[in-house]
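The values are calculated or read from the model by the stated rules, or taken from the named source; none is laboratory data. All values reported here derive from a predicted model rather than from experimental measurement. A quick note on method: Cβ atoms are made from the backbone with ideal geometry, for glycine too, and the neighbour counts reach across all protein chains shown.
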Amino acid sequence: MITSTLFRHGVADAGAKKQISHRLQRLAEVAPQVTRVNIVLDQVPCGGRPKHLYQCHISMRAAGRKQSDVYVSNGSIGLAVADAFDQLGSLIRHAECRA
């Protein structure tokens with residue numbers, strides 16, 4: 001599985017990096033059909049207020065399937081990453097049920 005992770009706009013969080021690495025290892029174990037995963041963690045404006053949200057975008061491609069994208073925004077970096085990977089897991093399980 002080919003992976004890439006990009007932290008944009010000064011987002012640098014050691015906990016998020018560790019969480020992403022752990023989740024990618026689990027994904028490789030439970031979904032060997034996944035060939036590529038791109039992750040972008042970014043800060044996005046929150047309704048014009050000075051506070052920002054963190055957005056985790058995961059783009060996944062599996063053998064013989066179209067690309068799937070998940071976008072999750074949250075005030076916590078860790079929750080944005082966790083929720084995005086949870087949604088990705090749901091997409092994979094749903095695709096397996098349909099196959």
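Listed here are the residues, each with its yes/no results for (1) free of Cβ contacts under 8 Å to residues at least 60 places away in the same chain; (2) surrounded by fewer than 18 Cβ atoms within 10 Å (Cβ to Cβ); (3) in contact with a Gly (Cβ under 9 Å, 6 or more places away or on another chain).
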{"position": "Ala31", "(1), (2), (3)": "no, no, yes"}
{"position": "Val44", "(1), (2), (3)": "yes, yes, no"}
{"position": "Lys51", "(1), (2), (3)": "yes, yes, yes"}
{"position": "Gln55", "(1), (2), (3)": "yes, no, no"}
{"position": "Ala63", "(1), (2), (3)": "yes, yes, no"}
{"position": "Lys66", "(1), (2), (3)": "yes, yes, no"}
{"position": "Ala80", "(1), (2), (3)": "yes, no, no"}
{"position": "Ala84", "(1), (2), (3)": "yes, no, no"}
Checklist entry - Scanning for something within 11 Å of the chain's Cα centre (by Cα) and among the aliphatic types (A, V, I, L, M), does segment 61-70 turn up at least one residue? => result yes
Checklist outcome for this item: Tyr71 passes all but one of the listed conditions (1) surrounded by fewer than 17 Cβ atoms within 10 Å (Cβ to Cβ); (2) modelled with pLDDT under 90; (3) more than 19 Å from Lys18 (Cα to Cα); (4) not basic (Lys, Arg); the exception is number (2)
